[in-house]
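Presented below is the structure to which this report refers.
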Amino acid sequence: PGIAFGLDAPYSVEYHDRVGSTNERARELAGEDAADVAVVANEQTGSRGRLDREWVAPSGGVWLSVLTRPDVPTARAPLFTLAAAVATTDAARQAGVDARIKWPNDVLVGDGTPEESAPASDLGGRGGRKLAGILTEMEGEADRVGWLVVGVGVNANLDPETLPAGATSLSAERGAPVDRRRFAATLLERYAELTASPGALDGVLPAWRERASTLGRRVRVEAADGVVEGTAVDVAEPGALVVDTDEGRRRVHAGDCEHLRG
Ligand code: BTN
């Protein structure tokens, strides 16, 4: 059953019952000069996560990638990833699941603080119960994004037993399957709205803040130039985490974030 047949979306939809990776397929389309396409799959056989991790994507999830060619400077590209996290969170909430965002773009259930016995997850969402992840890929010049592919993987109707440690699914959290077509339509509609124009993009950070579980918490971030530990106080353009540390205030642009106790 194709989740994308009859999918009402503000993009043209290319549906695959099975594909290697929707991000990979969207990149191929970018090479053919396509734009405003959502590649949606029922199952992926070679999907990728952040930091070269593998991403488990069997039938039952919502696996999609949106290809656009936004007319914005490359420095603002991280806002598209944050917008996808907001859109995914809103779609999950509409499905009755209390989703929140862990910086930069993991969608979790609960606050993401590791439970005493919970093992570190190989999904990167340590201890938290991870519902969804986002992988953005792009090409462009400094003054303008060329193409941008935002890939979203949502554990929709999946048994958490079959997922990596630390992961959960919408169906497990709400106790009933979700309508994947409706979920994908809501997600794509919200994403399109949040990224429609430079003015709309200005609304992404405020929306992200409202849905964040990371702000106000003690965090440990493995950033490119070392580990930053402190209290997360804000997220700033274009998506940096602002952390108060013993040595003062730091901005972290990318990295793996862990919520600490206390
Ligand atoms: C993460 O590591 O948290 C990001 C996971 C992103 C997975 C999605 S599934 C749809 C799209 N296609 C891919 O190959 N990856 C992304």
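Under the rule of at least 5 residues apart or a separate chain, name every residue whose amide H is placed under 5 Å from the amide H of residue 158.
170, 171, 172
Evaluate 2.2 N^0.38 Å with N set to the residue count of the stretch 215-262, then give the Cα radius of gyration divided by it.
0.99
Provide 16, 253 in ascending order of the number of other Cβ atoms located within 10 Å of each residue's Cβ, fewest first.
Going from sparsest to densest Cβ surroundings: 253, 16.
Using helices alone, what [θ] at 222 nm do you get for the chain, with -39,500 (n - 2.57) per DSSP H run of 4 or more residues, divided over all residues and rounded to the nearest 500?
-6500 deg cm²/dmol
In the chain, which longest range has no trypsin sites (Lys or Arg not before Pro) that are both DSSP loop (not H, G, I, E or B) and surrounded by at most 16 other Cβ atoms within 10 Å?
Answer - 54-260.
For each of 169, 21, 12, count neighbouring Cβ atoms within 10 Å of the residue's Cβ, then give the residues from fewest to most.
12, 21, 169
Pop out the Kirkwood hydrodynamic radius of the stretch 164-262 from its pairwise C-alpha distances, inverse of mean 1/r, in Å to one decimal.
When all Cα pairs of the stretch 164-262 are included, the Kirkwood radius is 15.9 Å.
Using Cα-Cα distances under 8 Å and only pairs 6 or more residues apart, what relative contact order does the stretch 215-262 have, in percent?
RCO, the stretch 215-262: 40 percent.
Between exposed GluC sites (Glu not before Pro) in the chain, where DSSP calls loop and at most 12 other Cβ atoms lie within 10 Å, what's the longest gap?
117-246
Which whole-number percentage describes the relative contact order of the chain, with Cα contacts under 8 Å and a sequence gap of 6 or more?
That works out to 18 percent.
Neighbouring Cβ atoms within 10 Å as the yardstick, rank 40, 178 fewest first.
Fewest-to-most Cβ neighbours within 10 Å comes out as 178, 40.
If you line up the Cα atoms of the chain on their principal axes, what length do they span on each, largest first, in Å?
52, 45, 30
Since every read-out is calculated from the coordinates, none of them should be taken as a lab result. Note that this is a predicted model, so its numbers are computed, not measured. FYI the Cβ positions are ideal-geometry reconstructions off the backbone, even for glycines, and counts take in every protein chain you see.
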